[in-house]
Amino acid sequence: SGDGRFVTYHSSANNLTPMTGIINGNANLFMHDRLLDTTTLVSHGMSGPNASGDNSSQHAVSNADGSVIAFLSSAGNLVASDYNSKQDVFAYVTPPPRVSSLQINDGSVQRSIVKSITMSFDEPIFISDPAAAFTLTRIGSSGSVQLSSVSQNSPNGSVTLTFSGALTQFGSLIDGNYSLSINAAMVSNIAALDGNGDGVAGDNWVSPAGSIFRLFGDMDGDRAVAANDFIALRLAFGGSGVTFDFDNNGYVGASDFIQFKLRFGGSI
């Protein structure tokens with residue numbers, strides 16, 4: 001590629017990626033990312049990203065940023081209905097990154113305490129300005145939630161947000177519904193984030209409606225504090241369970257019960 005980040009080459013080696021369906025002697029096409037130190041099988045079969053081509057691929061050329069690679073191949077399993085065993089021209093395109101999942105806390109259903117939000121992406125990402133890339137707002141409130149940390153797991157895109165400030169209590173969001181947005185201009189791989197999933201880079205991402213909320217006492221994530229939550233509280237009372245520890249003192253006691261009682265019978 002133009003900046004030397006990506007190096008594309010053909011090789012008959014069978015241990016560069018975890019390939020399947022290898023035919024000895026066939027050359028496959030690979031792309032090495034020098035920035036992330038990862039290698040990708042470019043000439044992969046239709047059955048998956050690790051499926052070897054069933055014939056040789058070679059003579060790759062790349063565009064300037066490395067997002068498009070054109071190459072020649074005699075393989076018949078790279079696309080559908082290729083039956084003639086003749087050499088064809090193929091293009092491998094790296095799409096812009098997308099958000100693949102949204103996780104609240106550790107992924108459990110409880111929404112009684114919400115201390116972190118984790119977003120995973122479908123490919124590696126780079127964040128130019130973490131403080132400005134993510135905006136979390138409480139619906140109906142002015143201003144946004146102060147982010148105490150934005151931690152990125154590398155190399156593959158996973159970002160965890162934690163909170164502080166006026167819209168939090170003891171490290172958790174306060175009760176309410178929230179919306180999270182990502183500024184596409186500040187999150188990218190080769191291209192900027194594809195926030196709306198249309199295959200075109202540069203769209204901001206917004207969390208699905210109703211996906212982020214907090215209601216203290218809501219043990220099962222049904223947006224209400226009811227009898228089943230009270231039963232769970234009774235079982236946790238006197239212990240160290242996080243779900244009903246409102247004041248984050250490591251103990252479920254009388255002060256936590258008072259907060260639960262204020263919300264009993266309520267919903268959001």
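Only residues that are of a type in the set (Phe, Trp, Tyr) and either in contact with a Gly (Cβ under 6 Å, 6 or more places away or on another chain) or within 29 Å of Ala201 (Cβ to Cβ) (or both): list them for the stretch 65-91, please. Break it down stepwise before answering.
Let us first name the residues in the stretch 65-91 that are of a type in the set (Phe, Trp, Tyr), namely 71, 83, 90.
Residues satisfying the conditions are Phe71, Phe90.
Just to be sure I understand the filter: pairs with C-beta atoms under 7 Å, separated by 6 or more residues or on different chains, first member in the stretch 157-172 and under 18 Å from Phe216 (Cα atoms) and open to solvent by less than 30 Å² (accessible area, probe 1.4 Å), second member in a strand (DSSP E or B) and among the hydroxyl-bearing types (Ser, Thr, Tyr). Which pairs pass?
Between residues of the stretch 157-172 that are under 18 Å from Phe216 (Cα atoms) and open to solvent by less than 30 Å² (accessible area, probe 1.4 Å) and residues that are in a strand (DSSP E or B) and among the hydroxyl-bearing types (Ser, Thr, Tyr), the close pairs are Phe163/Ser148.
Taking the stretch 220-268 on its own, how many of its residues are touching a Lys or Arg at 6+ places or on another chain (Cβ under 7 Å) and in a loop (DSSP other than H, G, I, E, B)?
Step one: list which residues in the stretch 220-268 are touching a Lys or Arg at 6+ places or on another chain (Cβ under 7 Å), which gives 221, 225, 267-268.
Pick out the ones that are also in a loop (DSSP other than H, G, I, E, B) and you get 221, 225, 268.
Of the residues in that region, 3 qualify.
How many residues does the stretch 209-219 hold that are in a loop (DSSP other than H, G, I, E, B) and at pLDDT 95 or above? Spell out how you get there, then give the answer.
Initial filter on the stretch 209-219 (in a loop (DSSP other than H, G, I, E, B)): 209-211, 215-219.
With at pLDDT 95 or above added as a condition, the list becomes 211, 215-219.
Looking only at that region, the number is 6.
Which residue out of Ser57, Ser62 is open to solvent by 20 Å² or more (accessible area, probe 1.4 Å), out of contact with any Gly (no Cβ under 8 Å at 6 or more places or on another chain), touching a residue at least 24 places away in the same chain (Cβ under 8 Å) and among the small types (Gly, Ala, Ser)?
Ser62
How many residues does the stretch 184-196 hold that are open to solvent by 40 Å² or more (accessible area, probe 1.4 Å), of a type outside the set (S, T, N, Q) and more than 24 Å from Asp3 (Cα to Cα)?
Residues in the stretch 184-196 being open to solvent by 40 Å² or more (accessible area, probe 1.4 Å), of a type outside the set (S, T, N, Q) and more than 24 Å from Asp3 (Cα to Cα): 0 in total.
Consider Asp175 against the criteria (1) of a type in the set (Asp, Glu); (2) under 30 Å from Phe264 (Cβ atoms); (3) surrounded by fewer than 14 Cβ atoms within 10 Å (Cβ to Cβ): it satisfies all of them except one. Which criterion is unmet?
Exception for Asp175: condition (3).
Being in contact with a strand residue (DSSP E or B) (Cβ under 6 Å, 6 or more places away or on another chain) and among the aliphatic types (A, V, I, L, M) narrows it down to one residue among Ala201, Ala226; which is it?
Values: Ala226 fails: in contact with a strand residue (DSSP E or B) (Cβ under 6 Å, 6 or more places away or on another chain).
Result of the check over Ala201, Ala226: Ala201.
Residues Asp54, Asp129, Asp82: which one is under 29 Å from Leu161 (Cβ atoms) and modelled with pLDDT under 95?
Asp129
So, Ser181, is that one within 24 Å of Thr162 (Cα to Cα), open to solvent by 20 Å² or more (accessible area, probe 1.4 Å) and not in a loop (DSSP other than H, G, I, E, B) or not? Talk me through it step by step, then tell me what you get.
Working: within 24 Å of Thr162 (Cα to Cα): yes; open to solvent by 20 Å² or more (accessible area, probe 1.4 Å): yes; not in a loop (DSSP other than H, G, I, E, B): yes.
For Ser181, the condition - within 24 Å of Thr162 (Cα to Cα), open to solvent by 20 Å² or more (accessible area, probe 1.4 Å) and not in a loop (DSSP other than H, G, I, E, B) - is met.
What's the number of the condition Val242 fails, among (1) closer than 22 Å to Arg138 by Cα; (2) surrounded by 17 or more Cβ atoms within 10 Å (Cβ to Cβ); (3) not charged (D, E, K, R)?
Checking Val242 against (1) closer than 22 Å to Arg138 by Cα; (2) surrounded by 17 or more Cβ atoms within 10 Å (Cβ to Cβ); (3) not charged (D, E, K, R), the one that fails is (1).
Using the structure shown, decide if Ala184 is among the hydrophobic types (A, V, I, L, M, F, W, C) and modelled with pLDDT of 95 or more.
Yes.
Considering the stretch 102-150 alone, what residues qualify as being small (Gly, Ala, Ser), in a strand (DSSP E or B) and either touching a residue at least 24 places away in the same chain (Cβ under 8 Å) or open to solvent by less than 50 Å² (accessible area, probe 1.4 Å) (or both)?
Passing the criteria: Ser116, Ser120, Ser149.
The values are calculated or read from the model by the stated rules, or taken from the named source; none is laboratory data. Computed from a prediction, not measured in an experiment: that's the story for all the values here. Note that each Cβ is placed from the backbone with ideal geometry, even for glycine, and that neighbours are counted across all protein chains shown. Note: accessible area is taken over every heavy atom of the protein model, side chains too, but ligands, DNA and RNA are not part of it. Shrake-Rupley method; radii C 1.70, N 1.55, O 1.52, S 1.80 Å.
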